[in-house]
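Novice: Below is a structure I'd like to ask you about.
The values are calculated or read from the model by the stated rules, or taken from the named source; none is laboratory data. It should be emphasised that the depicted structure is a prediction, and the values quoted were computed from it without experimental measurement. As a convention, Cβ positions derive from the backbone with ideal geometry for all residues, glycine included, and neighbour counts pool all protein chains shown.
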Amino acid sequence: SKTAAVIGAGIAGIAAAIRLAVKGYQVNVFEANAYPGGKLSGFSQDGFRFDAGPSLFTMPQLVDELFQLAGRNPKNEFNYIRLAETCRYFWDDHTRLTAWADRDAFAKEVATRLGEPAGHLLAHLDDSAAKYAITEKLFLHRSLHKLATWFNRDALHGYWNLPKLEVFKTMNRANEQRFQNPKLVQLFNRYATYNGSDPYQTPATMNIIPHLEYNIGAFFPKDGMIGITNSLVRLAEELGVRFLYNTRVTELVTEGNRVVGVRAEGMGHGAEGMGQREKDALVTPDSPPSAPCPLPNAYDVVVSNMDIVSAFRKLLPNARQPERILRQPKSSSGLIYYWGIRREFSELGLHNIFFSSDYRAEFEAIFNRKTLLDDPTVYLNITSKHKPDDAPAGCENWFLLINAPNNSGQDWDELIAKTRQNVIRKLSQNLGVEVSSLIVCESVLDPRSIEIRTSSSQGALYGNSSNNRFAAFLRHANFSHQFRNLYFVGGSVHPGGGIPLCLLSAKIATDLI
Ligand code: FAD
């Protein structure tokens, strides 16, 4: 059978491996870490379990589709629930608001608590749905870099509707025109952060994002976010995909217009606890797991799930570098504090936001001055609300994410310490308790460690930022223009970052194969 190498067991790499296995390929997945999932991983500490990265799960049908492709019933393999409330919002003036999944309930809440006419909210969600319908057909399911995409019927129809995407207006401008209450403008501006962008720069097109949460739904996997990774790795293994952990690919060996070999270092196989034996060898489709064989055996197809900047700079240093794409400004990153908390808070839900009092200044600091303000917006995720065994009895597992600039050599240790104090102050004021005394265990993730653990350029969470209105055209294609058997998937290439788009990148790339 044909052979494929996938570089990286991030969510897009796993999805690509499954799709290739279903097509009959014999697939090896090379993963530098000892565990799969990349950003979508998890860990336990002192009786608390934490999802390390993503916390919001949308478009679960894209995960289901992978089980269906393999002839399985997703209901038997991967369970999730639809959330009745999408997020609880807190402002320092003690205004509180619950965003309900039910549009009418949310519109009523907005009218009662913020005095905003319900019609404004409903019109906004309708507009979001309309924008999504246009972009879905044109951008999300197909390669932007193939002529056929631009001349098919859906696309030709879509052109008439392009003005509805409002590319020449910023998201903030559109939201200010829509809503009277600045709190609601802030609430909907927040959706720019779902792809690491700045609402004061990103085009109003990005108002498609709320559609995912309100019109399609926000979900929670029964086993936590890590359940997405674990169930898909299980499926891949059952389909015969081989995962080689602790194995970092160091070079793609090329000849003419083809990749002919994958050079890797590490064990070549990664059962937990295996000692690191540094080795440099060509790992081939048929080399036995623990003894990489040096035969220069070509893979028919190579799929890179590595960040596109790292892929070109590190694996293909001698190839032509697509500089314009590689040098695009990156999305924001994050400071993440994982706290075990020895108390329960009934006023908190699964997703909570504590807004800063000056949102514009916060984004100006993140994107222009590359620093953090003393009053940051704090996102607090508590999976033990839905999965009680994630924390000991009477306790909660707090995941706090603060939007942060990407890594450009800031003094992160100082920013981590300072922001920790600011977060504690903000939460203590809002919740009326001294939060610091409740923290029983702690871990921290910052842009540096995100970069080291996943090879993401500058620790960006979502590849390139979407602040530029042409951003969609400045992401790399899902295939290589230079090497006929090389494809790219993941959050740094088309169609973009976040779990749903990563899953779509795997679909687009493997459809092209
Ligand atoms: P990555 O997760 O980036 O993984 C790449 C993998 O490739 C890694 O495992 C890495 O070790 C491996 N690798 C790299 N180079 C090599 C090499 N040379 N050899 C072998 N292996 C290599 N998205 C959402 O949808 N919802 C959210 O709520 C959300 N919140 C987020 C919060 C945080 C804190 C973070 C960090 C991200 C969040 N995201 C969210 C974004 C989402 O996690 C990413 O877009 C997505 O997981 C990226 O997947 P990927 O396939 O691009 O691979």
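Novice: Quick one: is Thr170 free of Cβ contacts under 8 Å to residues at least 40 places away in the same chain and either in contact with an Asp or Glu (Cβ under 6 Å, 6 or more places away or on another chain) or closer than 18 Å to Tyr132 by Cα (or both)?
Specialist: So Thr170 passes the test.
Novice: Still on this structure, I have one more. Six or more apart or on different chains, Cβ atoms under 7 Å: show the pairs whose first residue is in the range 101-112 and without any contact (Cβ under 8 Å) to a residue 12 or more places away in the chain and whose second is surrounded by fewer than 19 Cβ atoms within 10 Å (Cβ to Cβ).
Specialist: Listed by first residue and then by second, the contacts come to Lys108/Ala118; Ala111/Pro117; Ala111/Ala118.
Novice: Separate question: Considering each of Lys164, Lys183 in turn, give the residue that is among the charged types (D, E, K, R), in a helix (DSSP H, G or I), at pLDDT below 95 and surrounded by fewer than 22 Cβ atoms within 10 Å (Cβ to Cβ).
Specialist: Numbers: Lys183 fails: at pLDDT below 95.
Checking each option against the conditions leaves just Lys164.
Novice: Would it be correct to say that Phe488 is more than 14 Å from the ligand (Cβ to nearest atom) and either aliphatic (A, V, I, L, M) or within 18 Å of Phe312 (Cα to Cα) (or both)?
Specialist: So Phe488 does not fit the description; no.
Novice: Leu114 - would you say it is more than 30 Å from Leu486 (Cα to Cα) and under 20 Å from the mean Cα position of the chain (by Cα)?
Specialist: No; evaluated as a whole, the condition is false for this residue.
Novice: Here is a check on your reading of the model: is Gly275 small (Gly, Ala, Ser) and either under 19 Å from Val489 (Cα atoms) or at pLDDT 50 or above (or both)?
Specialist: no
Novice: Then there's this: Give the range 194-223 a look and list any residue that's surrounded by fewer than 21 Cβ atoms within 10 Å (Cβ to Cβ), under 18 Å from Ser128 (Cβ atoms) and more than 16 Å from the ligand (Cβ to nearest atom), or say none.
Specialist: Once the filter is applied, which keeps residues that are surrounded by fewer than 21 Cβ atoms within 10 Å (Cβ to Cβ), under 18 Å from Ser128 (Cβ atoms) and more than 16 Å from the ligand (Cβ to nearest atom), the range 194-223 yields only Asn215.
Novice: Between Tyr245, Tyr191, which is over 30 Å from Pro329 (Cβ atoms), hydroxyl-bearing (Ser, Thr, Tyr), modelled with pLDDT of 95 or more and within 14 Å of the ligand (Cβ to nearest atom)?
Specialist: Selected residue: Tyr245, the only one of Tyr245, Tyr191 that is over 30 Å from Pro329 (Cβ atoms), hydroxyl-bearing (Ser, Thr, Tyr), modelled with pLDDT of 95 or more and within 14 Å of the ligand (Cβ to nearest atom).
Novice: Which ones in the range 354-377 are more than 19 Å from Tyr200 (Cα to Cα) and either in contact with a Ser or Thr (Cβ under 8 Å, 6 or more places away or on another chain) or crowded, with 20+ Cβ neighbours inside 10 Å (or both)?
Specialist: Scanning the range 354-377 gives a single hit, Phe354.
Novice: What about Arg448, is it more than 10 Å from the ligand (Cβ to nearest atom) and under 22 Å from Ser310 (Cβ atoms)?
Specialist: Spelling it out, Arg448 is indeed more than 10 Å from the ligand (Cβ to nearest atom) and under 22 Å from Ser310 (Cβ atoms).
Novice: Another question about this same structure. Looking at the range 219-227, can you tell me whether even one residue there is hydrophobic (A, V, I, L, M, F, W, C), under 30 Å from Val185 (Cα atoms) and assigned to a strand (DSSP E or B)? Give the derivation first.
Specialist: First pass over the range 219-227, keeping only residues hydrophobic (A, V, I, L, M, F, W, C): 219-220, 225-226.
Add one more test, that the residue is under 30 Å from Val185 (Cα atoms), and what stays is 219-220, 225.
Within this subset, residues satisfying the condition of being assigned to a strand (DSSP E or B) are 219-220.
Yes, the range 219-227 has at least one match.
One line per residue, one yes/no per condition, for (1) crowded, with 18+ Cβ neighbours inside 10 Å; (2) of a type outside the set (Gly, Ala, Ser); (3) touching a helix residue (DSSP H, G or I) at 6+ places or on another chain (Cβ under 6 Å):
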{"residue": "Val303", "(1), (2), (3)": "yes, yes, yes"}
{"residue": "Glu323", "(1), (2), (3)": "no, yes, no"}
{"residue": "Arg327", "(1), (2), (3)": "no, yes, no"}
{"residue": "Lys330", "(1), (2), (3)": "yes, yes, yes"}
{"residue": "Tyr337", "(1), (2), (3)": "yes, yes, no"}
{"residue": "Arg342", "(1), (2), (3)": "no, yes, yes"}
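Novice: Consider Leu415 carefully, then state whether it is out of contact with any helix residue (DSSP H, G or I) (no Cβ under 6 Å at 6 or more places or on another chain), modelled with pLDDT of 95 or more, under 30 Å from Pro221 (Cα atoms) and outside any loop (DSSP other than H, G, I, E, B).
Specialist: Answer is no for this residue.
Novice: Is it the case that the range 455-475 has a residue that's within 11 Å of the ligand (Cβ to nearest atom), part of a helix (DSSP H, G or I), within 21 Å of the chain's Cα centre (by Cα) and in contact (Cβ under 8 Å) with a residue 24 or more places away in the chain? Walk me through how you get there before you give the answer.
Specialist: Restricting attention to the range 455-475, the residues satisfying the condition of being within 11 Å of the ligand (Cβ to nearest atom) are 455-457, 459-463.
Subsequent filtering for residues that are part of a helix (DSSP H, G or I) retains 457, 459.
When the remaining residues are screened for being within 21 Å of the chain's Cα centre (by Cα), the result is 457, 459.
Next, from what is left, pick out any that are in contact (Cβ under 8 Å) with a residue 24 or more places away in the chain: 457, 459.
The answer is yes, given that some residue of the range 455-475 is within 11 Å of the ligand (Cβ to nearest atom), part of a helix (DSSP H, G or I), within 21 Å of the chain's Cα centre (by Cα) and in contact (Cβ under 8 Å) with a residue 24 or more places away in the chain.
Novice: Quick check: is even one residue across the range 424-441 outside any helix (DSSP H, G or I) and either under 27 Å from Gly13 (Cβ atoms) or modelled with pLDDT under 95 (or both)?
Specialist: There is no residue in the range 424-441 that is outside any helix (DSSP H, G or I) and either under 27 Å from Gly13 (Cβ atoms) or modelled with pLDDT under 95 (or both).
Novice: Given the range 8-117, what helices (runs of 4 or more DSSP H) lie entirely inside it while holding 3 or more residues that are within 15 Å of the ligand (Cβ to nearest atom), among the aromatic types (Phe, Trp, Tyr) and buried (at least 20 other Cβ atoms within 10 Å of the Cβ)?
Specialist: Where helices (runs of 4 or more DSSP H) fall fully within the range 8-117, none carries at least 3 residues being within 15 Å of the ligand (Cβ to nearest atom), among the aromatic types (Phe, Trp, Tyr) and buried (at least 20 other Cβ atoms within 10 Å of the Cβ).
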